[in-house]
Structures are given as C-alpha cells and as structure tokens.
Amino acid sequence: MNLPKIENEDLAGKRIFLRVDFNVPLENGTVTDTTRIEKTLPTIDLLVSKGARVIIGSHLGRPKGKVNPEFSMKPVFEKFKTMVEHSVVFSDTVVGSDAEKLSKNLKNGEILILENLRFHAEEEENEKKFVKALASLADVYVNDAFGAAHRAHASTEGIAHELPSFAGLLMRKEIETLGSLVSRPAKPFVAIIGGSKVSSKIKILKNLTDKVDHILIGGGMAYTFLKSRAIPIGNSLFEKDYEVQAYQLIDNAGIQGIDLQLPVDHVIADSFSDKAKSKSVDKMGILDGWMGMDIGSKTISNYEKVIKEAKTIFWNGPMGVFEMDKFANGTLQIAKAVAKSKAVTVVGGGDSIAAINKAKLADKITHISTGGGASLEFLEGKQLPGVKALLNGEK
C-alpha cells in the first residue's frame, strides 16, 4: 500500500492538521495510560523539526455530539505538555473564529491542541460544512490516527479530500506491520484471540483461518465455543446467536489442519464480582450456578507450549475478566509468554495492551497496535475509510 509520505515535504511555516488518536483512559481527570500519545510523538517531532505549525485534533470517549466536561481534552493537553519540549497551547473550541485565530497565531514549531472533536455531532456525521471548517484551520492534512481509521468521520475521512493529505509515521507503521501479518507471516503463525464476545471476533477468526497455524481462544467468548460442542458452561457468558458459527469455525479449522484450542480448565466464580466465591476446576465443563472468569493452569500451560514455538504471534483480547485482579492471572501469564517468545509479536486491543503494560513488558513486544477495532477490521480484510481517503485524497 503506497501511502503518501510526509518526510520529503517542505512544511516550513505551514499549518498542519494532525489527526491523532488520543482517546486515552482517564481516572479522576488524570491520564492513566500514555501509550497512544507516545506512539504519535515521532510524527509530531518530525513536523516540528520541519518548522510546521501543528494543529492536533482527536476524539475522547463518546460525548454523543454534545459538550461534556467529562470528555474534555484538557487533561490530555496537560499530560501532553509534560511529554514534549515544544510550545503547546489549547483551544476551548474546535472550529470557529477563536480556533482559527489561534491556528493563525501559531509560530513555526508550535502546537495547538483542539477540544474534543466529538463535541460536534457533525464530526461523526462527516458533515460537509464541518469538514470545510476543519480544513480552514490548516494548509496540509496528516492522519496518524490508525485507531480511528475505520471510521468515516470528518477528521478521518472528509478532510482528506479538502487538503493535500499524508500518512503519519505511526499510520504507516501500523499498516505495514499488520499488512505483513496478512501477506507474509513467518510460520508457525499463532493467533491468540480473547475478549468477551464471539460476535466481535468471529469475522477476524474466519479471515485468519487460512493464514494461521494455531488459534488459541480465551475470554468470555470461549464459552460459546464450548457450548457449541455440548460442554456444560453453567452461567458463563453465552451468545446463542453465534453458537452455530462457533461450531462451524471449529469444524473448518479442523478441515484446514489448523490447531484450534479451547480452555480445558477454568477459574470460576458464583457471581460476576471481584468479591465472588471462586475456585479452580480441572475440567472443561462448568457446574450450574457458576461462571467461567479466567483460563486455568492447564490451559495456560497448553498455550505457553504453542507460543514458545511460534515465529509470528498476533494477540487481541484478554483471557479472562482481566479488570478484576483475582481473574487476571491467565491474561498476565499469556502476556509473559508472548513477551518471552522469539517470534514477531503484535498486540492489539486495550485490555491486551493493558496486560502488557501491567506486566511491564511493552519493550519486549515487536509492535503494540494502537488500533483495537481498526486493527481487527484491517485483518478482516476490510478497507479502512481513513486509509482509503489518504490514497484517494487531493495531493
């Protein structure tokens, strides 16, 4: 994919609308994970070094098109200021005369961070007037928000048709890395797929079945697969509408010679709570009144053996209810096994990244993808609107 590069452009004095994905977790008004900010810093540093005037736009959470202080970009701005040596200012508005004035008053090498793009319903609607208002803030558009590239919004798709448009360094790295997983992975290729629902992962599982050698399944989605094989799952999470597809996926994997593994033991609880009674069960089935909350020690051992022999690993989704410490062991053990592996390792999805960070193993991973939904849709074979717009936009 020949994405337009920014490296060789003369940007001195030009205003750059840089779309980033600073949709970071906040607790009590403080940023708790800076991964997505850190990943975009190389692009920001490059633009600043070229003497550009950088206008940063991002969404944060789901304010549903209304101004909501809970989703303000101000805490992100405050954190960002401590992470760079450049001059940074904040705009309380996204478009309009005040934002335009701030963008025009920027000096070369200075940065302006706009308020939450999604405070305007027109952002998600990709409304033409709003697109033109965003474009009026800048001379050039750079998209470094891979995590939002699967959305055809004003700042990810529409604006690319109004300005000379380029891919940021992170955007290109994401596309190149994920593209290599699809087109030329070193074998054995292991996909570790977890998370709560089969419905959100069935498409990627189907698309990966003709590319991988092993599929290791965990998380709440595992119980729909187990139920499809008439294995008792007690009160565990179950998506009846996807039971047939889960059954067929297991069959198809077997026909294609793919090693698809399901949990063979579990950590279970009598309710969905970190204060619930819990115990380990040394079998695939789960008793009525109990629910699966994490993979058990035998499953961890089985998965570790496969991971150890892998040459390429893609991991998306936790192995259990990772947000509760007593049910986080499976996810953390898989994180350690992936980090210890000599394979090319790609990790995507918020909980998987959180596990890697919690275990302080981020520097042992080949590539941490900032795109949860975007990386899944890319690997499903879908064309991402934000990427397509860069290829088709006016240059």
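The values are calculated or read from the model by the stated rules, or taken from the named source; none is laboratory data. The shown structure was predicted, so the numbers you read here are calculated from the model rather than taken from an experiment. All Cβ positions, even for glycine, are placed from backbone atoms using ideal geometry, and neighbour counts span all protein chains on display.
Somewhere in the stretch 237-245, is a residue within 17 Å of the chain's Cα centre (by Cα), within 30 Å of ASP325 (Cβ to Cβ) and not polar (S, T, N, Q)? The answer is no, given that none of the residues of the stretch 237-245 is within 17 Å of the chain's Cα centre (by Cα), within 30 Å of ASP325 (Cβ to Cβ) and not polar (S, T, N, Q). The requirement of being of a type in the set (Gly, Ala, Ser), modelled with pLDDT of 95 or more and closer than 30 Å to THR331 by Cβ is not satisfied by ALA160.
For the subset of the stretch 339-357 comprising residues that are over 19 Å from LEU376 (Cα atoms) and part of a helix (DSSP H, G or I), which member is modelled with the lowest pLDDT? Among those that are over 19 Å from LEU376 (Cα atoms) and part of a helix (DSSP H, G or I), it is ASN357. In the stretch 205-253, of all residues being in contact (Cβ under 8 Å) with a residue 40 or more places away in the chain, touching a strand residue (DSSP E or B) at 6+ places or on another chain (Cβ under 7 Å) and among the β-branched types (Val, Ile, Thr), the one that is farthest from ILE192 (Cα to Cα) corresponds to ILE233. For the structure I just gave you, tell me whether VAL198 is in contact with a strand residue (DSSP E or B) (Cβ under 6 Å, 6 or more places away or on another chain), crowded, with 17+ Cβ neighbours inside 10 Å and part of a loop (DSSP other than H, G, I, E, B). No. In the stretch 94-112, of all residues being in contact (Cβ under 8 Å) with a residue 12 or more places away in the chain and small (Gly, Ala, Ser), the one that is farthest from ILE56 (Cα to Cα) corresponds to GLY96.
Taking the stretch 342-359, which residues are touching a strand residue (DSSP E or B) at 6+ places or on another chain (Cβ under 7 Å) and polar (S, T, N, Q)? First the steps, then the outcome.
If we filter the stretch 342-359 for residues that are touching a strand residue (DSSP E or B) at 6+ places or on another chain (Cβ under 7 Å), which is where we start, we get 343-349, 352-353, 356.
Scanning the stretch 342-359 gives THR345, SER352.
Looking only at the stretch 182-195, how many residues end up being part of a loop (DSSP other than H, G, I, E, B) and farther than 16 Å from SER352 by Cα?
Qualifying residue count, the stretch 182-195: 5.
So which strands (runs of 3 or more DSSP E) are wholly in the stretch 244-304 and hold at least 2 residues that are out of contact with any Ser or Thr (no Cβ under 9 Å at 6 or more places or on another chain)? Talk me through it step by step, then tell me what you get.
Numbers: elements: 259-261, 266-269, 278-281, 291-295.
In the stretch 244-304, the matching strands (runs of 3 or more DSSP E) lie at 278-281.
Looking across the stretch 151-168, just one residue is in contact with an Asp or Glu (Cβ under 7 Å, 6 or more places away or on another chain), part of a loop (DSSP other than H, G, I, E, B) and surrounded by fewer than 22 Cβ atoms within 10 Å (Cβ to Cβ), and that is PRO164. Out of the residues in the stretch 50-67 that are more than 30 Å from GLU9 (Cα to Cα) and over 24 Å from the mean Cα position of the chain (by Cα), state the one that is surrounded by the fewest Cβ atoms within 10 Å (Cβ to Cβ). So the residue we want is LYS66.
Within this structure, VAL190 fails the test of being in the same structural domain as THR366 (by TED's automatic domain parsing), over 21 Å from GLU304 (Cβ atoms), among the hydrophobic types (A, V, I, L, M, F, W, C) and within 23 Å of the chain's Cα centre (by Cα). Screening ALA138, ALA191 for residues that are among the small types (Gly, Ala, Ser), crowded, with 20+ Cβ neighbours inside 10 Å, in contact with a Phe, Trp or Tyr (Cβ under 6 Å, 6 or more places away or on another chain) and closer than 18 Å to GLY350 by Cα leaves exactly one candidate, ALA191.
Applying the selection to the stretch 81-109, what residues are within 19 Å of ILE44 (Cα to Cα) and in contact with a helix residue (DSSP H, G or I) (Cβ under 8 Å, 6 or more places away or on another chain)? Walk me through it before giving the result.
Taking the stretch 81-109 and keeping what is within 19 Å of ILE44 (Cα to Cα), we get 81-91, 102-109.
Correct list: MET83, VAL84, HIS86, VAL88, VAL89, PHE90, SER91, GLY109.
Being assigned by TED's automatic domain parsing to the domain that holds TYR141 and surrounded by 19 or more Cβ atoms within 10 Å (Cβ to Cβ) is a property that holds for VAL94. Might you check whether a residue that is at pLDDT 95 or above and within 26 Å of ALA354 (Cα to Cα) occurs anywhere in the stretch 1-11? So far as the stretch 1-11 goes, no, none of its residues is at pLDDT 95 or above and within 26 Å of ALA354 (Cα to Cα). Being part of a helix (DSSP H, G or I), surrounded by fewer than 18 Cβ atoms within 10 Å (Cβ to Cβ) and either out of contact with any helix residue (DSSP H, G or I) (no Cβ under 6 Å at 6 or more places or on another chain) or modelled with pLDDT under 85 (or both) is the filter here; which residues of the stretch 363-376 pass it? Listed by number, the residues that qualify are ASP363, GLY373. Within the stretch 82-91, which residues are surrounded by fewer than 16 Cβ atoms within 10 Å (Cβ to Cβ) and closer than 16 Å to GLY29 by Cβ? THR82 - this is the single residue of the stretch 82-91 that is surrounded by fewer than 16 Cβ atoms within 10 Å (Cβ to Cβ) and closer than 16 Å to GLY29 by Cβ. For the criterion of being part of a helix (DSSP H, G or I), over 15 Å from the mean Cα position of the chain (by Cα) and basic (Lys, Arg), LYS360 fails.
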